[in-house]
């Protein structure tokens with residue numbers, strides 16, 4: 001067997017292996033979704049969404065959990081998105097290509113793979129103790145912003161880098177400044193890819209549990225958070241708390257909470273797809 005035949009056989013084997021893994025993943029995901037839906041759909045109701053936690057499974061709700069997740073989602077986005085996009089613009093468009101820049105790039109890429117609980121320990125020390133934010137929504141949001149910041153920076157830099165250089169040259173030729181070129185040409189051209197990275201990062205933040213547990217997020221909160229300095233809980237922590245209970249009713253509640261969380265993530269992805277398509281239709285270059 002010559003090298004060409006061997007390479008074709010290897011390529012074909014990897015192709016079939018990838019197809020098999022994809023189908024296996026879809027089957028497992030389908031089984032999981034069907035199980036969650038059949039167990040959790042029976043519990044979804046207005047009472048479940050608007051009730052406080054309770055020791056009785058039939059009376060327990062997720063009001064404090066989903067409002068806490070909404071708080072975390074909003075505050076984390078407000079903190080991480082401007083910082084991530086600004087850092088990406090500076091690194092890609094203004095920063096000099098020197099050893100320091102290479103060091104920063106390597107560390108930013110490595111930070112995207114650091115276990116989330118490490119960020120929880122860092123957030124507990126810096127935001128919880130040094131800044132005296134304790135176990136508030138603000139401390140949790142700052143911690144999760146640190147967690148997703150490398151993801152946003154990497155995705156945004158790749159999106160900016162993919163914009164053709166001819167776009168910049170044409171803008172400069174018409175007399176535009178560097179910032180006018182970035183604001184009016186580069187960012188609109190890369191918006192769809194930037195938005196995809198942001199949505200993926202925020203989806204990870206919404207589903208995180210370990211950093212918030214380290215910060216001090218509570219499993220049982222009998223009130224709805226009103227300010228960023230209030231104590232809080234989130235859907236993943238509430239689901240984990242119910243799964244650890246021995247009563248069968250709490251397992252049904254956990255399935256219902258998981259279904260709500262999945263619907264929220266799917267809604268985010270749907271919004272991202274719509275915005276991306278609209279941006280691609282409006283883009284003319």
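Tabulated results
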{"item": "Single residue of the stretch 126-140 satisfying the filter (within 23 Å of the chain's Cα centre (by Cα) and in a helix (DSSP H, G or I)) that is surrounded by the fewest Cβ atoms within 10 Å (Cβ to Cβ)", "result": "126"}
{"item": "Residue within the stretch 88-109 that is under 23 Å from residue 265 (Cβ atoms) and either out of contact with any strand residue (DSSP E or B) (no Cβ under 9 Å at 6 or more places or on another chain) or not in a helix (DSSP H, G or I) (or both) present", "result": "no"}
{"item": "The stretch 21-34 residues that are at negative phi, paired with ones that are in a helix (DSSP H, G or I) (beta carbon under 8 Å, 6 or more apart)", "result": "33/262"}
{"item": "Qualifying residue in the stretch 42-56 (condition: out of contact with any strand residue (DSSP E or B) (no Cβ under 6 Å at 6 or more places or on another chain) and under 19 Å from residue 204 (Cβ atoms))", "result": "no"}
{"item": "Residue identified as in a helix (DSSP H, G or I), under 25 Å from residue 232 (Cα atoms), in contact (Cβ under 8 Å) with a residue 40 or more places away in the chain and out of contact with any strand residue (DSSP E or B) (no Cβ under 6 Å at 6 or more places or on another chain) among 155, 203", "result": "203"}
{"item": "Residue tally, condition out of contact with any helix residue (DSSP H, G or I) (no Cβ under 8 Å at 6 or more places or on another chain) and surrounded by 10 or more Cβ atoms within 10 Å (Cβ to Cβ), over the stretch 95-109", "result": "5"}
{"item": "Qualifying residue in the stretch 158-179 (condition: assigned to a helix (DSSP H, G or I), in contact (Cβ under 8 Å) with a residue 24 or more places away in the chain, out of contact with any strand residue (DSSP E or B) (no Cβ under 6 Å at 6 or more places or on another chain) and crowded, with 22+ Cβ neighbours inside 10 Å)", "result": "yes"}
{"item": "Which numbered condition residue 226 misses (of (1) part of a loop (DSSP other than H, G, I, E, B); (2) surrounded by 21 or more Cβ atoms within 10 Å (Cβ to Cβ))", "result": "(2)"}
{"item": "Residue 189 vs. criteria modelled with pLDDT under 90 and surrounded by fewer than 18 Cβ atoms within 10 Å (Cβ to Cβ)", "result": "no"}
{"item": "From the options 212, 262, residue that is surrounded by fewer than 22 Cβ atoms within 10 Å (Cβ to Cβ) and in contact (Cβ under 8 Å) with a residue 12 or more places away in the chain", "result": "262"}
{"item": "Any hit, the stretch 260-267, residues being within 24 Å of residue 80 (Cβ to Cβ) and not in a helix (DSSP H, G or I)", "result": "no"}
{"item": "Which listed residue is loosely packed, with under 13 Cβ neighbours inside 10 Å and in a helix (DSSP H, G or I), from 70, 49, 28, 83", "result": "28"}
{"item": "Filtered residue count, the stretch 116-152, keeping only those that are without any contact (Cβ under 8 Å) to a residue 24 or more places away in the chain and more than 22 Å from residue 229 (Cα to Cα)", "result": "1"}
{"item": "Filtered residue count, the stretch 229-250, keeping only those that are surrounded by fewer than 16 Cβ atoms within 10 Å (Cβ to Cβ) and assigned to a helix (DSSP H, G or I)", "result": "4"}
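The values are calculated or read from the model by the stated rules, or taken from the named source; none is laboratory data. These numbers come from a predicted model, not from an experiment. Glycine also receives a Cβ, built like all others from the backbone with ideal geometry; neighbour counts cover every protein chain displayed.
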